[in-house]
Amino acid sequence: MESRLKLRALLMAASLAALSLFLASQYRRRRRQKLRSGSCYLRTDSKPQQSFKRVLADNSYAPFKHLKRKDSDDEISSNVHPYEAEIMALLNNPRLEFKNRPDDMDLTMKDAYVWVETVPQLEELADILAKERVFAVDTEQHSLRSYLGFTALMQISTQEEDYLIDTIALHDSMGILRSVFSNPSICKVFHGADNDVLWLQRDFHIYVVNLFDTAKACDVLLKPQRSLAYLLETYCGVATNKLLQREDWRQRPLPEEMVLYARTDAHYLLYIAHCMVAEIRERDDEESFGRDDKLHFVLEACRRSNAICLQLYTKDIEASPGEAAASSLISRHLNGQGSASSDALDTQFQDVIRRLCAWRELMARVHDESLRFVLSDPAILALAEKVPSTLSEIFDTMTQADLNAESLSASFPSPSPVVCSHMDHLGHLFLKKIGDLNDLFPVILQTCLGQNGSCPLTVCNYPLLVNSTMKLTNRVLSRQNGSKSAKQVTRKASRQLFVQKFSCKSPVYHNCRIYANDGRLLCYSDRRKLEWYLRRDLAKVVDDDPPAIMLLFEPKGRPEDEDNDFYIQSKKNICVGCGEGNHYLRYRIIPSCYRMHFPEHLKSHRSHDIVLLCVDCHEVAHAAAEKYKRQVAAEFGVPLFVRNIADSKDVRDPSETSELTVNFEQAGVSPLELRTAAMALIRHGHKMPPKRREELTQVVMRFYGGREITNEDLERALLVGMSSHERKRLEKKRGLSLKRNKAEVIPGAEQKKDDNDTGVLSIAADQLEVGRLDCEKEGAESSFISDEGCGNSLLHCDSVAEEEAPISIENDKNIESNKSEAFNCEDVHAVDIYDDEESRTVQNEVVGIHDSVNGGAPQPKHNPKLSLLGHGPHGKQVVDHILQEYGEDGIREFCQRWRQVFVEAVQPRFLPAGWDIKHSGRRDFGEFSVYNPAKKASSDAART
Ligand code: AMP
Ligand code: ZN
Ligand code: MN
């Protein structure tokens, strides 16, 4: 009987073991499957810091920016301690506020404490603290699931109360406490403040001024130990469990035990500090005998404390990613194991370690995780020793290494979710599909954060993308093509981010905010301005609903500056047509293809002839202008576009055979349109929807006079309007890209493709996009006019072209790499249209290789002010003609015609004071102005 039972038990145990083995293998298999799926765990796993809207220390390689004080001189660089003067003053003249004797103090910790988690509560606390002479502080950090770590809790204790501040919930509002911390007349007591002081700077721009550090007091008093646990025990008879220090302080609600621990860390500090100051004073009294400085030791304790405050938080920047960790692993291995040292000397071993450390480092930044969470040191060593050759071998080596090393129960999975969801490129790296380590960064950026990247963009990793060019050119990559592709990645990602952030929600055009890089609100604006900055990597998203961005450069003007037109401007944005105030675009009443050729002094009425229109009115006005352009073309006998004459002998369409009887309505195709269509057909023709393919084919056919086209024709169409130099570049590029088997499409086509791919832009945004493309063409024409440029006023920059920087950007240089934070306005024009390397080559120079229809008129061979992309040549000929025939009056009349066209098409009801078709500039109220008394009555009536 008994043996039967035994047998049964044995069988049971065996089957349990088998089952668990089976489950384990299933688990592994599922994991392995998962790791091939390539979707990022962060798509489903959420972390508390994802709710932070403003992050001062992001995961990029950009240096940390310290607080700039409002009252400080603007010239002072941001990497000077903002409170240096105050702290220096304290070093020589400490302000200790320990009046009452320790024995008067109440040591007991009552049950109640104050949990601070809302802004009003925090404000109330700030008010309370402002009245204190001294308070105690401690912070708890979280570092496992974050790259740089963040403050998860702040404990503040006064004589009366213990406050626990939820610094996760209040992350974006902690600045409320800035002033009490920097107030030199309030003493802050910490124990071992070295790190806290830096963490507070890093997360909240909080700077401690007037610190008393009880650990420094230990040093001065030559205490046998300097730990807080020691002080708690000797002064207060309180024992603490310091193991709780390493708990996950992100937990909410905090377990009771952790609350108690956290309170304890701050609660007794005031008492301890009082005791220690009393001791130090005693010591001074004893030992100052015969010395001048009666407060020698007190001074010393204060000096040492306040010296801590002078430290500045910085991000560690390595020469190349993961280098420091790799060197330390290699040297540790060399020293640690005598027998394995031959391993460590092995170049392959070292190479694998460097690769893995670089990968780990970049993945940690991208996913905002600590290095150890991404990939453990033992796993790296094991991989370098074993050099596995398949994905599953890689996987098992890591698992085994972590299992072996699991001395202290690691509370996180191995391999990490980062490894599991991105095993593919770890594999590539490991199996040397990525030959050059320098290529790793662009590859990771591309696959993780690029267009359709696997991983979510956040305030933490987005700047990594933005600053990648800088990082690449300065440090990791010196090679040209590397940085170029990173630039493309960046641009795409900016766009993607914008689409992700701002689409699919009810449109909010007007209450978008723009912050300066110190966090001060600059202005409210529309989305387009936000997009403008994001596209150029000049800003980062700090809020999504309603959208807000922070500029990555120092704007030239601030709202508090006098006469800040930009600020005022942003407040009265309404469509001059219908009064719509929610969205608007700039519209140029006189098309720039003409205006750019006007004599300088006739160009000066820019603001008069650039108005704001809502999307609908913009379309109406634009259509009317295009129609009128064709009328002008017919009237002056100057076609809008260059046509392909070289192939005219093949032309089948009889209406197109005679150059002199051109139908101006369809006189040609713009080179940009032509090339875009041809490129798209060559690259994606086979996989395009038939309808789209047909449309594009029609465009190219029109260029060839309507005849059927061949692949050769498509190839030739790519070169239309290019100089031989540009042709060579394109050919070279195409050759390269074909070799790399990587699709690179010329900008226009790419843009359209993006829209289709994402498909989430709201309708309104689509229309804006259309408007944007239109203006980019126009921009191409006007942008080379230097005088239109930017002068110094903020408004200037705002009003020249649709796409210009709303805030003028100082300084010069480095548009190309987009790495400088400060640009010259004129360069901004350039950036504006150089949306891409290719469009730059297209637009930079103008050479007509196919002569235009009216071959008679001599064309400038190389005129940087002219572009074949728009109606530039047409405009020039028309304006030249007018000037020749009618002089400047002719130009004035020509302008009036355009204003007339505009007024007739849009019937504007909200034109500003002084607006007039004749634009004498002398009358206060134009005929069409809202301020015109007669007009005002009718528009008021219309509104009600
Ligand atoms: P404390 O100054 O003791 O309150 O510690 C503040 C924070 O520093 C803790 O929340 C931890 O995140 C971190 N910390 C301090 N010491 C250690 C340690 N020995 N190991 C891990 N983390 C620590
Ligand atoms: Zn990911
Ligand atoms: Mn603590």
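The values are calculated or read from the model by the stated rules, or taken from the named source; none is laboratory data. All values derive from a computational prediction rather than experimental measurement. We place every Cβ from the backbone using ideal geometry, glycine too, and count neighbours over all the protein chains shown. All accessible areas refer to the heavy atoms of the entire protein, side chains included, with ligands and DNA or RNA removed. Shrake-Rupley method; radii C 1.70, N 1.55, O 1.52, S 1.80 Å.
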| request: Take peptides 267-274, 62-69 and line them up by average Cβ neighbours within 10 Å, highest first, as a rough protection proxy. | output: 267-274, 62-69
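What pairs in 629/918; 315/540; 529/876; 68/216; 629/876 have C-alpha atoms more than 22 Å from each other?
The answer is 529/876; 68/216.
Rounded, prolate or oblate: which one fits the stretch 680-723, using the alpha carbon gyration tensor with axes a ≥ b ≥ c (rounded when a/c is under 1.5, else prolate when a/b beats b/c, else oblate)?
It comes out oblate by the Cα gyration axes.
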| note | With a ≥ b ≥ c from the Cα gyration tensor eigenvalues, square-rooted, and the rule rounded for a/c under 1.5, otherwise prolate when a/b > b/c and oblate otherwise, the stretch 110-310 is prolate
| request: Given the peptides 416-424, 678-686, 630-638, arrange them by the average over their residues of other C-beta atoms within 10 Å, most packed first. | output: 416-424, 678-686, 630-638
| message | Ranking request for peptides 889-898, 528-537: highest mean number of other beta-carbon atoms within 10 Å first, then the rest in descending order. | response | 528-537, 889-898
| said: Taking 8 Å as the Cα distance limit and 6 or more residues as the minimum spacing, I'd like the relative contact order of the stretch 323-466 as a percentage. | reply: 22 percent
| query | Which FRET efficiency value, to the nearest 0.05, do you get for residue 372 and residue 225 by plugging their Cβ-Cβ distance into 1/(1 + (r/R0)^6) with R0 = 30 Å? | reply | 0.55
| query | If ligands, DNA and RNA are left out, what is the accessible area of residue 538 with a 1.4 Å probe, given in Å² to the nearest 10? | reply | 10 Å²
| said: Once ligands and nucleic acids are excluded and a 1.4 Å probe is used, how much of residue 116 is accessible, expressed in Å² to the nearest 10? | reply: 0 Å²
| said: Heavy atoms only, 1.4 Å probe, whole protein assembly: order 109, 596 by accessible area, highest first. | reply: 109, 596
| remark: For the stretch 123-132, Karplus-derived ³J(HN,Hα) couplings (6.51, -1.76, 1.60; θ = phi - 60°; whole Hz; x for glycine and proline) come out as 5, 4, 4, 4, 5, 4, 5, 4, 8, 7
| query | To the nearest 10 square angstrom, what accessible area does residue 108 show with a 1.4 Å probe? | reply | 100 Å²
| query | Where the only charges are on Cβ atoms (+1 Lys, Arg; -1 Asp, Glu), what is the dipole of the stretch 110-310 about its Cα centre, to the nearest 20 debye? | reply | 460 debye
| task | Step through the residues of the stretch 254-264 one at a time and calculate ³J(HN,Hα) from phi using the Karplus curve (6.51 cos²θ - 1.76 cosθ + 1.60, θ = phi - 60°), rounding each to whole Hz and writing x for Gly and Pro. | result | 5, x, 3, 4, 6, 4, 4, 4, 4, 5, 4
| query | So how do 7, 56, 911 rank on accessible area, 1.4 Å probe, biggest first, that is with the largest at the start? | reply | 7, 56, 911
| query | Ordered by residue, what ³J(HN,Hα) values in Hz, to whole numbers, does the stretch 163-168 give under the Karplus form 6.51 cos²θ - 1.76 cosθ + 1.60, where θ = phi - 60° and Gly and Pro are x? | reply | 10, 10, 9, 6, 7, 7
| the stretch 110-310, relative contact order in percent, only Cα pairs under 8 angstrom and at least six apart counted | 23 percent
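Please list 283, 133 in order of solvent-accessible area, largest first, computed with a 1.4 Å probe with all protein chains present.
133, 283
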| note | Distance in nm between residue 314 and residue 118 label points, each 7 Å along Cα→Cβ, equals 4.3 nm
| task | Could you compute the FRET efficiency for residue 404 and residue 15, with r as their C-beta to C-beta distance and R0 at 30 Å, rounded to 0.05? | result | 0.60
